[in-house]
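Shown next, in structure tokens, is the structure this report addresses.
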Amino acid sequence: MPFGRLFIVLNMNGFSLFSVFSRNSFIASKPDPSKPNMLRVGLAFGSTAVLWALLFKQHSTDVHEYKTRNGLE
């Protein structure tokens, strides 16, 4: 269903588009900061560590290629 048609159907039923897609404070609960989602925290830190490792590996490869091309090694 196209977005425009969805908007028309929702308006014909008496709903507004923003009330359907917005967060309802009576139903949705906010995340509790005292109990972090350890899976998400682990994935965030793990992916950061992997990206840093790839960055260092690429840097050392680039430095080695630079030294080889310029006769420094």
> When both residues are 6+ apart or on different chains and their Cβ atoms are under 9 Å apart, which pairs have a first residue that lies in segment 50-73 and is of a type outside the set (S, T, N, Q) and at pLDDT below 95, and a second that is part of a helix (DSSP H, G or I) and surrounded by 10 or more Cβ atoms within 10 Å (Cβ to Cβ)?
Replying inline: LEU72/TYR66; GLU73/HIS64; GLU73/LYS67
>> For segment 28-43, give me each residue that is loosely packed, with under 10 Cβ neighbours inside 10 Å and either part of a helix (DSSP H, G or I) or polar (S, T, N, Q) (or both).
In response: SER29, SER34, MET38, LEU39
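The values are calculated or read from the model by the stated rules, or taken from the named source; none is laboratory data. Note that the structure is a prediction, hence the values are computed from the model and not measured. All Cβ positions, even for glycine, are placed from backbone atoms using ideal geometry, and neighbour counts span all protein chains on display.
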